[in-house]
Amino acid sequence: MTDLLVIGGGAAGLMAAGAACARGLTVTVLEHNPKGPGQKLLITGKGRCNVTSDSDVREFLPYVRHNGRFLYSSLYAFPPSAAMELFESLGVPLKTERGRRVFPRSDRAADVLAALRDYARDAKFVRGSAKKLVIEDGACKGAVTDRGETLRAENTLIATGGISYPATGSDGSGYRLARQAGHTIMPPQPSLCSLVSPDPACRRMMGLALRNVTASRCLPSRARRCSPTSACPGRSSCRPAPTLRI
């Protein structure tokens, strides 16, 4: 039996595994992506990996959209400054850019992933996914994999991510496991997501990159309808709609 079973080998899972190994615990990481742990890290920050924000916790919390107080204790225990110190100690020099965004100086997300994998090098990595948790006397004692193997552990950490990018492993499977453990899951809502439109103008704009722009969506009234190939000729009769800040 291992001390800690980490379900999910993304950024959070690798961080947890590395921290546990540093404290002398035995750790097993269960990761189902055939390409290996941390694949979503490689596409973050347009391939550069926005590591954290170089800001104080009190400055950071207001930017959490819902229930920022939930993160209060976590952020004070491990603030952005501590994250920066950790990556520097792992051999990833950092730099701070516009908006206090912190990136590796190399501009390579792969360097961040390599550092995290090295941080968790003493953990045992197992290929597979968790089909169900092992619950005994109200405590989680491991998980059963898709291959029928039971991985027993004194402690189990679900670090599967959300449902934002199934191709990288974030397929929502952790919600099912959390429900089995008795947790209540709030319906997930999209945050950073694609906008799909039949307007052919979108195809002509492929490759165009803009900074700090605001997009407005107009909803036509019953009296007039907007042309499907124009921005909004009936703007004067459109009802206000939410504004998207990009």
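The values are calculated or read from the model by the stated rules, or taken from the named source; none is laboratory data. The structure presented is a predicted model; accordingly, all values stated were derived computationally and were not measured. Every residue, glycine among them, receives a Cβ derived from its backbone with ideal geometry; neighbour counts consider all protein chains shown.
Quick check, is V102 of a type in the set (A, V, I, L, M), part of a helix (DSSP H, G or I), under 20 Å from the mean Cα position of the chain (by Cα) and modelled with pLDDT of 95 or more? Outline the logic, then answer.
Working: of a type in the set (A, V, I, L, M): yes; part of a helix (DSSP H, G or I): no; under 20 Å from the mean Cα position of the chain (by Cα): yes; modelled with pLDDT of 95 or more: yes.
In short, no.
Summed over the range 118-160, the residues that are in a strand (DSSP E or B), among the small types (G, A, S) and out of contact with any helix residue (DSSP H, G or I) (no Cβ under 8 Å at 6 or more places or on another chain) give a count of 3. Criterion applied to T44, T96, T28 was being assigned to a strand (DSSP E or B), surrounded by fewer than 19 Cβ atoms within 10 Å (Cβ to Cβ) and hydroxyl-bearing (S, T, Y), and the one residue passing it is T96.
Within the range 159-167, is there a residue that is surrounded by 10 or more Cβ atoms within 10 Å (Cβ to Cβ), in contact with a Cys (Cβ under 9 Å, 6 or more places away or on another chain), among the aliphatic types (A, V, I, L, M) and closer than 21 Å to L5 by Cβ? There is no residue in the range 159-167 that is surrounded by 10 or more Cβ atoms within 10 Å (Cβ to Cβ), in contact with a Cys (Cβ under 9 Å, 6 or more places away or on another chain), among the aliphatic types (A, V, I, L, M) and closer than 21 Å to L5 by Cβ. Cβ-Cβ contacts under 7 Å between residues 6 or more apart (or on different chains), taken from a first residue in the range 50-71 that is in a helix (DSSP H, G or I) and at pLDDT 85 or above to a second residue that is buried (at least 16 other Cβ atoms within 10 Å of the Cβ) and among the hydroxyl-bearing types (S, T, Y), are listed as F60/S53.
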